[in-house]
Each structure stands twice: as C-alpha cells, then as structure tokens.
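Peer 1: Here it is: the structure, laid out below.
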Amino acid sequence: MIMRIHLSRPHMSGHEEARVAEAFASNYIAPLGPQLEAFEACVRDYLGDQDLHCVGLSSGSAALHLALRIAGVGPGDEVWISSMTFAGGIFPVSYMGATPRFFDLDPASWTLDTALLSQELAKAAAENRLPKAIVPTDLYGQSVDLDALEILAAQYDVRLILDSAESFGAAYKAGRKAGTGGDAAILSFNGNKIITTSGGGMLVTRHGNWADQAGFLATQARDPAPHYEHSTYGYNYRLSNICAAIGLGQMNVLDARVARRREIFARYEAALARPGVAFMPEPEGLRSTRWLTALTIDPDRTGVSREDIRLMLLERQIESRPLWKPMHMQPLYAGAVYHGTGVDERLFTNGLCLPSGSDMTDSEQDEVIALISALLDQRTQD
Ligand SMILES: *Cc1c(COP(=O)(O)O)cnc(C)c1O
C-alpha cells in the first residue's frame, strides 16, 4: 500500500546535492575519498570529544559486526543485550556464532534495566561465566544509563558496545552526547533514521587500535604488501564517498531534525495524553532524539487496542507500527535466556510508534491526532 503519511522517511536539507557534486567533480566515486574523511571529522566534532575515532561504514549493522569481531566475540561467548531492539542490533551476534542473553527494560526509562544487569553480572562472575560484551540499545533515541553501564563494564572487565543507531543527536546528562560511550558505539544513517546517507553507519570508539582494526577489516583485511596479502578475513564494509557526501549535507541540519522530532512528540503528547495512554518517559537530565514517538494504549482503560489504532490509520494510508518485538519472543531466538519481568513484552503488546518523520507537516500531524482522538473519544463514550 502507498502511504500518504510515513513513519519516518529521508528528509533532505538542500545542502546534500552540492556536496555530492563536489565528489563527482573530483571523481571520488570510490568508497574512500575526501568527503568520507570530512564526514568522519564532522561527526567527531559534533560528538564533541577529540579523543574519539569515527569510521564510516556501509551500515549500522556492519559497525556492530566489526565492533563484536574486534571485541573478540566468538562461538561459546555470551553477549548480553537489550531484548527490545531492531534485528540489525542483534543479528551480528549471530554472525559471530555467539550466544545472546536477553535483558528487560527499566519502566522508568524504557532502556536496559541496569539494576537487573548488575545482579546478573554478580552471579555470572561468581560462577565464572561472564559475557564477552554487553550491547545496550538507546531505544527510540533515548540514551541508556551510560554512567551505570561504564562502571559495571569496568568492574567486571567486560566490553561495552552501545547501540546508538537511533540516538545520534541525543544527550546523556551534562551535555555528553549519545554515541560517545563504552568501548565503542554504533550509529546508523539508514533512510529512516534521524539523518541519512541513504544507507550507512559509523563505528565511534575511544580506542585508536579499534578504529585501525575497523578500517582494516572493513576493506578486506589487506596486509601491507604490494600484492594482496591476507592473514585474516575481512569485509567490504566501508561507507562510499558519495554516501558520505550526502551525510555531510545532512550534518548541517542534525540538531534541527532532532528539535523537530521532539516537537512532534510534544504535540502528540499534549493532544493525546489521557488515562490509559502513556508516552515513553524521558528521565531527568536526558535528552532523547524522540526518533519515533512511542506510546502505549491500555485497552482495558481506553476501550481501544494499539491494533485498532494502527489499522484505522492504515485505512487512511497512514503508517504506524508496533514497538520492536522483543528478541526473546522471536522464533529465531526461541530458547535463549531472558532476564526480566516482561516490561518489554507489555510494551510490545500495547505499544505503537506514530508517524514521526521530521518532514511531516503540522497539518498532517493534526490529521493523525484528530483520527486517534476521535477513536478514543468514541470508545470512551460507548
Ligand atoms: C537501525 C538500527 C540498527 C541497524 O542499522 P542499519 O544501518 O540499518 O544496519 C541497529 N540497531 C538499531 C536499534 C537500529 O534502530
């Protein structure tokens, strides 16, 4: 079905074509080139920490794959991960032949429950079965609790890789940006994210040797030699210079895009909040990108299910979507260990993401709001 109003789609600023034209004029059409270097430097400057290294890659999933490989994750290792996440944030664990162990969310933030994680790390340490890496997700643009996670990772000497695919432009306390934590963070510039390179991602790391390894592995692991010499296998994972040029144009508007998504969230919240309708919380001091406006609808209190709303919108060619289905509920990961009380399961049952693209107009959003309000009002009266 052709949608009139999308969940989230690419939103160009008008700056991109000139940057792409520069790349064409210099014939840097290959994966490596000056636009890629400039894009990596621009992201590092934005993140505001000159100790960070940024490696542009073909996707966020590729960035996670490389991070896990560099962290030494392999068969027999466990990776502890937020269950409520997108496929691209977990499949690389499977690429490495490692075993995921899934964790529930904290209802106060909808991000990984660090108290639960702490308990399980203590048990695992006592039984000498610590994970190789922890991969928490910045859900719908909200940073995880970086302080707590970095302390735990250091205490147990476990690698920490942040999935910041949805949170580029978000802040964690005192202005520290999402995407700056742990041993590494991954960003995504897929077409539906805050900014896009049409497809792309980035590995952000404090470790110079991780960045070097990522660059090496992402370009087919070529050892220094005039011929092709390989002592290990690599991947073709570099971000194309042309795509990086699009990213350079998009960097001009990153903060504006986040501001607009936050505005869209605030308008929905002001118009739709009522008993039985709850919006994703934002803990004090954190600033989410509000990548997608996520809310829950309690059918017992509103008389309306999230499917009632989704299908009613779909009839009018308006796209909305249930929250991520937790990975421990997926057939692929049947039998995997899950720690939690089902906070994420209930969010999945009752949760919906509303159209949140930064290019959505106020009148389009007003239409979505009016349709949902009418359905809620009608059922309340019944
Ligand atoms: C988008 C996304 C990814 C993967 O990024 P791609 O660039 O699409 O490979 C990973 N994790 C999460 C949470 C995402 O939303």
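Peer 1: Looking at D308 and the list (1) under 23 Å from the mean Cα position of the chain (by Cα); (2) surrounded by 16 or more Cβ atoms within 10 Å (Cβ to Cβ), which single condition is not satisfied?
Peer 2: (1)
Peer 1: If you go through the range 127-156, how many residues are free of Cβ contacts under 8 Å to residues at least 12 places away in the same chain and of a type outside the set (S, T, N, Q)?
Peer 2: 3
Peer 1: Please give the number of the condition A30 fails out of (1) assigned by TED's automatic domain parsing to the domain that holds Y235; (2) at pLDDT 95 or above; (3) exposed (fewer than 14 other Cβ atoms within 10 Å of the Cβ).
Peer 2: (2)
Peer 1: Hey, could you check the range 114-172 for residues that are among the acidic types (D, E) and at negative phi and say which is surrounded by the most Cβ atoms within 10 Å (Cβ to Cβ)?
Peer 2: Going through the qualifying residues, I end up with D138.
Peer 1: Return the residues of the range 144-171 that are within 27 Å of S58 (Cβ to Cβ) and of a type outside the set (A, V, I, L, M); say none if nothing qualifies.
Peer 2: Correct list: R159, D163, S164, E166, S167, F168, G169.
Peer 1: Next up: Please give the number of the condition S13 fails out of (1) among the small types (G, A, S); (2) assigned to a loop (DSSP other than H, G, I, E, B); (3) buried (at least 24 other Cβ atoms within 10 Å of the Cβ).
Peer 2: In the conditions (1) among the small types (G, A, S); (2) assigned to a loop (DSSP other than H, G, I, E, B); (3) buried (at least 24 other Cβ atoms within 10 Å of the Cβ), S13 misses (3) alone.
Peer 1: Please find, among A62, A21, the residue that is farther than 26 Å from D113 by Cβ and within 16 Å of the ligand (Cβ to nearest atom).
Peer 2: A62
Peer 1: Yes or no: V204 within 30 Å of E17 (Cβ to Cβ) and among the β-branched types (V, I, T)?
Peer 2: Judged against the criteria, V204 is a match.
Peer 1: Answer with yes or no whether D51 is surrounded by fewer than 18 Cβ atoms within 10 Å (Cβ to Cβ), under 25 Å from N241 (Cβ atoms) and charged (D, E, K, R).
Peer 2: no
Peer 1: With (1) part of a helix (DSSP H, G or I); (2) under 30 Å from S94 (Cβ atoms); (3) hydrophobic (A, V, I, L, M, F, W, C) as the list, and M312 as the residue in question, which single condition is left unmet?
Peer 2: (2)
Peer 1: In the range 197-207, is there at least one residue being in contact (Cβ under 8 Å) with a residue 24 or more places away in the chain, within 17 Å of the chain's Cα centre (by Cα) and not assigned by TED's automatic domain parsing to the domain that holds L146?
Peer 2: no
Peer 1: A follow-up question, please. Please note which helices (runs of 4 or more DSSP H) are completely contained in the range 44-148 and include at least 2 residues that are within 13 Å of the chain's Cα centre (by Cα).
Peer 2: On the way: elements: 60-70, 91-95, 114-126.
Hits in the range 44-148: 60-70.
Peer 1: Consider the range 288-324. How many of its residues are in contact (Cβ under 8 Å) with a residue 40 or more places away in the chain and either within 16 Å of the ligand (Cβ to nearest atom) or under 24 Å from T361 (Cβ atoms) (or both)?
Peer 2: 21
Peer 1: Between Q317, Q381, which is over 27 Å from G89 (Cα atoms), at pLDDT below 95 and exposed (fewer than 14 other Cβ atoms within 10 Å of the Cβ)? Steps first, please.
Peer 2: On the way: Q317 fails: at pLDDT below 95.
The match here is Q381.
Peer 1: Return the pairs, sorted by first residue and then second, in which the second residue is within 15 Å of the ligand (Cβ to nearest atom) and assigned to a helix (DSSP H, G or I), the first residue lies in the range 34-62 and is in the same structural domain as F24 (by TED's automatic domain parsing) and more than 25 Å from T85 (Cβ to Cβ), the beta carbons are less than 6 Å apart, and the residues are 6+ apart or on different chains.
Peer 2: Q35/A244; L36/A244; F39/A244; F39/G247
The values are calculated or read from the model by the stated rules, or taken from the named source; none is laboratory data. None of these values were measured; they are calculated from a predicted model. Please note: Cβ atoms are built from the backbone with ideal geometry, for glycine as well, and neighbour counts cover all protein chains shown.
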